[in-house]
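Just below is one structure, and these are the notes that go with it.
The values are calculated or read from the model by the stated rules, or taken from the named source; none is laboratory data. Nothing here was measured: the structure is a model prediction, and the numbers come from that model. In this analysis, Cβ positions are derived from the backbone assuming ideal geometry, glycine residues included, and neighbour counts consider all displayed protein chains. Surface areas here come from the heavy atoms of the whole protein model, side chains and all, with no ligands, DNA or RNA. Shrake-Rupley method; radii C 1.70, N 1.55, O 1.52, S 1.80 Å.
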Amino acid sequence: QVEAQLQVVQKLEEKERGLQSALGAVEKELSLRSQALELHKRKAVEAAQLAEDLRAQGEHVQARLRELQVCAAENRAAKDKESLSLKRAQ
(Lines give C-alpha, C1' and ligand atoms only; values in the text may rest on other atoms or scores of the structure.)
Protein backbone atom coordinates (compact mmCIF):
# COMPACT_ATOMS: atom_id res chain seq x y z
CA GLN A 1 0.00 0.00 0.00
CA VAL A 2 2.87 2.36 0.82
CA GLU A 3 4.52 1.50 -2.46
CA ALA A 4 1.27 2.20 -4.33
CA GLN A 5 1.01 5.57 -2.58
CA LEU A 6 4.63 6.36 -3.48
CA GLN A 7 3.84 5.60 -7.11
CA VAL A 8 0.82 7.91 -6.98
CA VAL A 9 2.98 10.64 -5.42
CA GLN A 10 5.63 10.12 -8.11
CA LYS A 11 3.02 10.40 -10.87
CA LEU A 12 1.61 13.52 -9.27
CA GLU A 13 5.09 15.03 -9.00
CA GLU A 14 5.76 14.27 -12.68
CA LYS A 15 2.43 15.82 -13.59
CA GLU A 16 3.31 18.88 -11.49
CA ARG A 17 6.67 19.22 -13.30
CA GLY A 18 4.88 19.04 -16.64
CA LEU A 19 2.39 21.66 -15.56
CA GLN A 20 5.19 23.88 -14.23
CA SER A 21 6.95 23.57 -17.55
CA ALA A 22 3.75 24.43 -19.43
CA LEU A 23 3.18 27.37 -17.09
CA GLY A 24 6.69 28.65 -17.78
CA ALA A 25 6.07 28.43 -21.52
CA VAL A 26 2.77 30.28 -21.19
CA GLU A 27 4.37 32.98 -19.03
CA LYS A 28 7.16 33.41 -21.58
CA GLU A 29 4.63 33.67 -24.40
CA LEU A 30 2.62 36.21 -22.39
CA SER A 31 5.75 38.27 -21.87
CA LEU A 32 6.55 38.21 -25.59
CA ARG A 33 2.99 39.13 -26.49
CA SER A 34 3.03 41.98 -23.96
CA GLN A 35 6.23 43.31 -25.52
CA ALA A 36 4.69 43.03 -28.98
CA LEU A 37 1.58 44.86 -27.74
CA GLU A 38 3.67 47.72 -26.37
CA LEU A 39 5.60 47.93 -29.63
CA HIS A 40 2.36 48.07 -31.63
CA LYS A 41 0.96 50.71 -29.28
CA ARG A 42 4.04 52.88 -29.85
CA LYS A 43 3.80 52.36 -33.60
CA ALA A 44 0.10 53.26 -33.51
CA VAL A 45 0.87 56.49 -31.64
CA GLU A 46 3.64 57.32 -34.13
CA ALA A 47 1.32 56.57 -37.06
CA ALA A 48 -1.41 58.77 -35.57
CA GLN A 49 1.08 61.60 -35.11
CA LEU A 50 2.34 61.17 -38.67
CA ALA A 51 -1.24 61.19 -39.96
CA GLU A 52 -1.94 64.41 -38.03
CA ASP A 53 1.25 66.00 -39.38
CA LEU A 54 0.36 65.00 -42.93
CA ARG A 55 -3.18 66.31 -42.52
CA ALA A 56 -1.87 69.67 -41.32
CA GLN A 57 0.66 69.74 -44.14
CA GLY A 58 -2.09 68.91 -46.65
CA GLU A 59 -4.23 71.76 -45.33
CA HIS A 60 -1.28 74.11 -45.66
CA VAL A 61 -0.63 72.97 -49.23
CA GLN A 62 -4.31 73.41 -50.12
CA ALA A 63 -4.34 76.93 -48.67
CA ARG A 64 -1.20 77.80 -50.65
CA LEU A 65 -2.76 76.32 -53.81
CA ARG A 66 -5.85 78.51 -53.34
CA GLU A 67 -3.58 81.55 -52.92
CA LEU A 68 -1.69 80.68 -56.09
CA GLN A 69 -4.92 80.09 -58.02
CA VAL A 70 -6.18 83.55 -56.98
CA CYS A 71 -2.82 85.08 -57.94
CA ALA A 72 -2.87 83.29 -61.31
CA ALA A 73 -6.41 84.50 -61.98
CA GLU A 74 -5.39 88.07 -61.10
CA ASN A 75 -2.34 87.81 -63.36
CA ARG A 76 -4.47 86.41 -66.17
CA ALA A 77 -7.00 89.24 -65.75
CA ALA A 78 -4.19 91.83 -65.76
CA LYS A 79 -2.65 90.25 -68.86
CA ASP A 80 -6.02 90.21 -70.63
CA LYS A 81 -6.58 93.86 -69.69
CA GLU A 82 -3.12 94.79 -70.92
CA SER A 83 -3.64 92.83 -74.13
CA LEU A 84 -6.94 94.59 -74.69
CA SER A 85 -5.33 97.99 -74.08
CA LEU A 86 -2.56 97.11 -76.55
CA LYS A 87 -5.09 96.08 -79.20
CA ARG A 88 -6.97 99.35 -78.68
CA ALA A 89 -3.75 101.33 -78.96
CA GLN A 90 -2.84 99.53 -82.19
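For the reader, a short list of remarks on this structure follows.
- Two-site FRET efficiency, Arg42 against Ala77, from Cβ-Cβ distance with R₀ of 41 Å, rounded to 0.05: 0.20
- Overall form of segment 34-90 per C-alpha gyration tensor (a/c, 1.5; a/b vs b/c): prolate
- Rounded percent of accessible protein surface that carbon and sulfur make up, the chain, 1.4 Å probe: 58 percent
- Virtual spin-label span in nm between Glu27 and Ala63, 7 Å along Cα→Cβ: 5.6 nm
- Taking every protein chain into account, the accessible area of segment 6-90 amounts to 94 square angstrom per residue (probe 1.4 Å).
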